[in-house]
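Visitor: Before anything else, here's the structure in question.
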Amino acid sequence: MRGVILAATVVFGLALTSGCRKAGPPPAGERPLPSGPRAGAGGSLTVWDWLSADPSQGVGHWLIDVDKAFEKAHPGVRVNHVAQSHTEYYQILKAAEAAAGEAGGPDVVMIHQGSRVLDHKASLVPLDRYLKPELRKAIVGWELTSEGLSADGTPYAVPVAVQGNAWYYNKSILTKAGVDPEAPPATWDEFLAVCDKVKASGVAPIACGEKEGDWADWFLNSSSFLELSADEAAKLQRGEMAWTDPKVAALFTRLEQLGKRGMFQEGFLSTPLFPDAGEVFMRGEAAFCLGLLSDVAHWKEFGEILGEGNLGVMPCPGTGMIPVGGGFAYGITSWSQQPDLAFEYITLIVSDANANEFLKQAGSFPANQNFDPRLIADPNAKIIASWLAEKRVAAPLTGKIPTEVVESIKREGQRILSGQTDVPGALKAIEATAARTKAGRAK
Amino acid sequence: MVFAFLFLAPAAALLLTFRVVPAAGALWHSFTEWDGVAPATYVGGANFARLVGDNTFWRAVLNNLVLVLCVPMWLGVSLVLALLIHQQVPGWRFFRATFFLPSVLSPVIIGTLFSAILRRDGPVNRGLETAGLGALAHDWLAEPATALPTLVMVILWGVFGMGVIVFLAGLSAVPSEILEAARLDGARGWTFVRYIIVPSLRHVIEFWAVNLVVWSFTSLFAFVYVMTGGGPGYATMLVEYQLYLEAFQFNHMGYACALGSALFLMVLGVVLIQIRLMTGGDD
Amino acid sequence: MRRLARLAMVAALGAISASTIYPLVFMLLSALKSKREYLLNRYGLPHEPTLVHFANAWTYGDMGQYLANSAIVVSAGVLLSWVVCGLAAYALSHLRFPGRRAVFLAILGTMVIAPQVIIIPLYVTLIRCHLHDQHSGLILVYVTFATPFGTYLLTAYYRAVPAELVEAAQVDGASHAQILWRIMVPIGRPAFLTLGIFNFLWMWNELLFALLILQKDTARTLMVGVANLRGQYTTSIPLMSAGLFLAALPVLIVFFVFQSQIQKGMTMGAVK
């Protein structure tokens, strides 16, 4: 008995210590060379995404169809599609990057358009040598997936979906409040007046979900055109204009104003943006809802519950523009052994035929603009499509600034709306974060 | 003596390989600028200099200290309930079974459930309003004044059942003769608890107290992540949560490692003081 | 008066019980509502109960396969943790050797390391050991994370065991193995079972390391399946609730089995 335990202990201890002789993090400056099983070995292509886990949803279903089509066109190749959890996605991606493909990591990764692409560009393949001019031309959103967040920069990912924000409204609530639902407010002051009327009729004017601070972020993006010209927005993004600038202050004051005038439903501070804020709107408990263009909290979902004739859509009053960006994109990992095959996979996803399927199955706008416009039957979707076609769109203000500064904006937005600070105090804090980030990047 | 080391070998091997060595790496990286992937650059004490002037960090430390001050409450509730069950109050089997139910749920689930239940239009506030106490209704997790206390209560709900199990197991080791003799001597109520139970459970109470302290610093991530995200603003920011943001959202792995090192020293300090106070330094 | 106080106390305990039962009832009721009904009637009873979410959670979450994986990982983790922590606790509580307190504090110290900082180096270590993507890798990580807690728990328990008991056995010529098997394990039964419950619970519910280490779909654990039911934007609360309810059932069964065993230990009066 004694001998058995002794032997077991020794064997166990030795097995652990000897098996991991090279254990420990790689010393600084020494990147591990890829060895052992390589990415995508054995005729399979590994794809990571956060949307295919739920095949009941349109997007998940569509992605799985794409895999099947790819396998059919490439006999002998198996698409190993790994559905990751969205919540932990970037933590897991980071670990895979640290392992630099030693563990047979993904060949193709889904990634959000915007600063995220730059955060991870060290492990993404520059795509300029793969991209044919016609593909570049067909797809919109390159400025959110390219170096320097500029359309001229080297692209690191191919945009797949078009995402953005628009204001939806419930026509019957407006009618009851004595507002003509076919003439939505055209200026900010008109908007406030309509909200007051709605409030007087006993309904909350705006469905808001500020639990995570994301609503404030959306609001600033959708209303930024009221105060900032394209040039000024770019300066702010590059750090050449201070966040304490009076124009930015005017923007934040509008947010504060909405809170102070009681324009949101009760309990908005603890309401999650997804799906709860949209649900408040769908239950008919609020007249307006700042929603998305694609996937969820959008014309399709709202129209199905409220009735498409009862639903209206507009840009932020007084702007005539909508912020577009932040949909998903696909990139190829730097450690992939088969970047050509990976690019063929991405090409298939963004092909004209799949753009149509994406529109049909997921009710979402594809980045590839060669989709068939006749597929859009919904009246509100038609309006959005016309804005996209007329280029009445711009990249969201906060889509091109570092994640850290966005986080600071979200938290200060919450602090303003929960009465913990005022606009100057909030902007000072944001500017401090922005300045530190800029100093860090300059190094 | 040889046997002592032999018996400790498996634990030591595992801890060295999967905790100490990675942690040593993190300590080294707290003196670097690093994104977690590319080669790190040595920057000396720059991260710690930033930490000293970081308002978010100090706010998080303050919130963490509030949580540490709640440990006696978390512990006391479990102890009292365990004693009552041990005394076999009417219905004790039912209570023992139901008190465990929260432990079945992971923090993520507890957080999700309570986020829904504590909403402004949720059942808690509805109940208060029905009872004519509408004035007490709050947006519990979203108001700066109530967010942290509410978080404390939800955590209490999540952990008290585990404390009850630990104390019940501890009580089962107290020889029943001691309990009987004390009772025959007329020890009742507080005297019984203070002079009979607490001394017999000393090691178990110390264990659970230390565990709760460590846990309040290093294992509340999921609760915060799901219920408040550290907000509103920074009202429920904890060091552990800030560390996550810096490491995985902002790509400042070097600074996150510095936060981790500071957190380690802080918790170790608190725990050592605590053990000293509770055991008086004896072994 | 005494009677009244007693009644009040039982009522208070009953209220605590109600608070622990309510969320589970909320979860079950939500799982029985259709997506549309949940939207319109969040807190009431379901008018048209449906089992469709249970079926969907089972298929989407691939729960049959994942359940088996979880069972393997968790049972191996619990068993191994008993061995590792039991040996260490015996040494720390009843064997004399220089630096005992230092070793104890060092083990305690490893408990203090925040998991978030060591995720990446730990992952790299696992890859170097060829333990990634395998149940054994996840099991070793779980056992490691359980070791400081488990060693501390068992040590705290064993310290209440009189030293004379062990010394007497040694005088009688018993080997360490005999003392461990014949004295320490039976005496420590409630503590071992408690540790078993704790380990089972957190290993069953653990998500981050399971997501990280097991990338192969066929190897994934139950919680990963449930977590994947969350979407980027929408969490279907009815679907999630159904998944969670299914995932919680095995834990409840294990608890009641273990708890009745603890109870046996208590009535046997382990320490004589």
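Laboratory data are not the source of any read-out in this text; all were calculated from the coordinates shown. Since the model is a prediction, treat every value here as computed from it, not as a measurement. A quick note on method: Cβ atoms are made from the backbone with ideal geometry, for glycine too, and the neighbour counts reach across all protein chains shown.
Visitor: Looking at the protein assembly as shown, what % of its DSSP beta bridges pair antiparallel, to the nearest 5?
Guide: 65 percent
Visitor: Calculate how many DSSP beta bridges within chain A are antiparallel, expressed in % of all such bridges and rounded to the nearest 5.
Guide: Values: 22 of 36 bridges.
The antiparallel proportion sits near 60 percent.
Visitor: Ranked highest first by the average count of other Cβ atoms within 10 Å around their residues, in what order do C:27-33, C:88-94 fall?
Guide: Peptide ranking by packing, descending: C:88-94, C:27-33.
Visitor: Still on this structure: Taking beta carbons within 10 Å but only from partner chains, what does the mean come to for residues A:416-423?
Guide: 3
Visitor: Something else now. Expected output is a single nm value to one decimal: the length gained when fully extending between A:ALA377 and A:THR154, i.e. 0.36 nm times separation in residues minus the C-alpha distance. What is it?
Guide: Full extension from A:ALA377 to A:THR154 adds 76.7 nm.
Visitor: Quick check on the exposure proxy: order B:SER106, C:SER136 from fewest to most C-beta atoms within 10 angstrom.
Guide: C:SER136, B:SER106
Visitor: Still on this structure, please answer the following. In square nanometres and to one decimal, what's the mean projected area of the convex hull around the Cα atoms of chain A? Walk me through the numbers on the way to the answer.
Guide: On the way: hull surface 106.9 nm².
Mean projected area of the Cα convex hull: 26.7 nm².
Visitor: Can you give the mean number of other chain Cβ atoms that lie within 10 Å of the Cβ atoms in peptide A:385-398? Mind dumping the intermediate values first?
Guide: Values: counts 0, 0, 0, 0, 0, 0, 0, 0, 0, 0, 0, 0, 0, 0.
What the average comes to for A:385-398 is 0.
Visitor: Could you line up A:VAL140, C:VAL224 from fewest to most neighbouring Cβ atoms inside 10 Å?
Guide: Ordered by Cβ neighbours within 10 Å, fewest first: A:VAL140, C:VAL224.
Visitor: Run the dipole for the stretch A:283-385 about the Cα centre, Lys and Arg Cβ at +1, Asp and Glu Cβ at -1, nothing else charged, and hand back the magnitude in debye, nearest 20.
Guide: Dipole of the stretch A:283-385, to the nearest 20 debye: 240 debye.
Visitor: Quick check: the distance between the Cα centres of the stretch C:173-252 and the stretch A:278-331, to the nearest angstrom?
Guide: After rounding, the separation between the Cα centres reads 41 Å.
Visitor: While we're looking at this one, here's another question. Taking Cα pairs under 8 Å and at least six residues apart, what relative contact order does chain A come out at, in percent?
Guide: The normalised contact order for chain A reaches 22 percent.
Visitor: Right, here's the next one. Taking springs between alpha-carbon atoms closer than 10 angstrom, which of B:THR98, B:THR228, B:THR218 fluctuates most in the Gaussian network model of chain B?
Guide: B:THR98
Visitor: Could you work out the mean count of beta carbons from other protein chains within 10 Å of each residue's beta carbon in C:147-158?
Guide: On the way: counts 7, 5, 4, 1, 3, 7, 8, 1, 2, 13, 8, 2.
Partner-chain Cβ atoms within 10 Å, mean over residues of C:147-158: 5.
Visitor: Compute the label zone of A:ALA122 within the stretch A:317-359: residues whose backbone N is under 15 Å from the point 7 Å along Cα-to-Cβ.
Guide: Output list for this probe position: A:334-335.
Visitor: Under a Cβ-Cβ cut-off of 12 Å, what is the net charge of the residues other than B:CYS257 that fall near it, where Lys and Arg count +1 and Asp and Glu count -1?
Guide: -3
Visitor: With θ set to phi - 60°, apply the Karplus curve 6.51 cos²θ - 1.76 cosθ + 1.60 along the stretch B:109-119 and write out the HN-Hα couplings as whole Hz, x wherever there is a Gly or Pro.
Guide: 3J(HN,Hα) across the stretch B:109-119, in whole Hz: 6, 4, x, 4, 4, 6, 4, 6, 5, 8, 4.
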